[in-house]
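In what follows, a structure is listed as structure tokens, so that the remarks can point back to it.
The values are calculated or read from the model by the stated rules, or taken from the named source; none is laboratory data. Quick caveat: nothing in here was measured; it's all calculated off a predicted structure. All Cβ positions, glycine included, derive from the backbone under ideal geometry; neighbour counts span all protein chains shown.
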Amino acid sequence: MQNKLTIFLLSALFISSSFCQIEKLKWQKADVSYEKQIHDKKRNYSFESDNAGEFLAKSLANAYWFFISDVDGENCPFRPSCSSFLLQSAKETNIFQASLMFFDRFTRDMNLAKGHDHYPIVSSGHFYDPPHNYTLNQGRINYLPPSFIVDDE
């Protein structure tokens, strides 16, 4: 029994050493960059607005962009992004309705519920969900089928 165990261990050692690094392929330092790729997207950090609600929405969006989005990257599956959705909603409606529209959109943005199969897709692969479809203005709502691909963002 002792002899079989020794033969097994020696054969296992021999087999594992046959997969070791050969002399031609020495381990070398890998040149890996861990820097986050910065997109060429220019953000408008100005506080220009027409009313107080739009100013508040712009302030929140600027803080989100500076402290979270620029550091973490753009993770929103929708176009326009959630922060841009809040700004556009505040321009089209008031700050109260824009906040409700944003929170509704943000709950749909969560990755917990993957039911995004009823949105049209932008050519970059994001889901197209503009704020004018939620302003309750029947003339502005533009229903697009899910199979439709929107060309521009």
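Residue 48 falls short on exactly one of the conditions (1) at pLDDT 80 or above; (2) assigned to a helix (DSSP H, G or I), and that condition is (2).
Every condition in (1) surrounded by fewer than 12 Cβ atoms within 10 Å (Cβ to Cβ); (2) out of contact with any helix residue (DSSP H, G or I) (no Cβ under 6 Å at 6 or more places or on another chain) is met by residue 45 except one, and the failing one is (2). Here segment 88-116 is the region considered, the condition is being surrounded by 10 or more Cβ atoms within 10 Å (Cβ to Cβ) and part of a loop (DSSP other than H, G, I, E, B), and the residue that is modelled with the lowest pLDDT is 116.
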